[in-house]
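J.: One structure is given below, represented as structure tokens, and several questions about it will come after.
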Amino acid sequence: MSRTQRLVHFDFWMNNFLILPLLIISLALSNLLPGLATFAIAFLITTVGGAIQRHHHQSMGVKYNQFFYPGDDEREQKIVYAILRSVTSWFIASCFILFLSLLFIPLFTLSAKTTIAFIGTGLTVIFLTANAIYYFLWFKYDPQ
């Protein structure tokens, strides 16, 4: 497994372990805890996960200001651009659909908590799906 594939693999699982606890906290505990406590727990999880991810990237040789992973050759850079094009089009299309669905939420509920839960669940599904698309397309284009 190449260095870039190890980074993709690590980021896929790290993103999943960051988003799933945030979803559980925001949806399950938002009714039980005050808003500030829920925000503090979510912020703590995100900060610790980001620090772990940054440390792992630095140990793998990724500099802080690099947007893409440093491809070892031009082939990996072309793969990254193709995958990011697919993921970006997924993000734009799904966020547009979520934005359009916001117009119809008042037809089904008037509760603010239900609306926030719907938006949070929608954004989480969008992010997890984009993460999975990124992971599977990378190993489709670069099967080593």
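The values are calculated or read from the model by the stated rules, or taken from the named source; none is laboratory data. Since we're looking at a predicted model, the values are computed, not measured. Cβ: placed from backbone, ideal geometry, glycine included. Neighbour counts: every protein chain shown.
J.: Mind counting the residues in region 75-97 that are within 13 Å of THR129 (Cβ to Cβ) and touching a Leu at 6+ places or on another chain (Cβ under 7 Å)?
T.: 1
J.: For the list (1) exposed (fewer than 14 other Cβ atoms within 10 Å of the Cβ); (2) closer than 30 Å to LYS140 by Cβ; (3) in contact with a Ser or Thr (Cβ under 7 Å, 6 or more places away or on another chain); (4) at pLDDT 75 or above, I need the number of the one condition that ASP72 fails.
T.: Looking at each condition in turn, ASP72 falls short on (4).
J.: Taking helices (runs of 4 or more DSSP H) that do not extend beyond region 67-144, which have at least 2 residues that are in contact (Cβ under 8 Å) with a residue 12 or more places away in the chain?
T.: Answer list for region 67-144: 74-101, 112-141.
J.: In addition: Just to be sure I understand, how many residues within region 101-126 are under 30 Å from TRP138 (Cβ atoms) and not hydroxyl-bearing (Ser, Thr, Tyr)?
T.: 6
J.: Just to verify a result, which residue in region 105-130, among those that are more than 18 Å from the chain's Cα centre (by Cα) and among the small types (Gly, Ala, Ser), is surrounded by the fewest Cβ atoms within 10 Å (Cβ to Cβ)?
T.: By that ranking, first place goes to ALA112.
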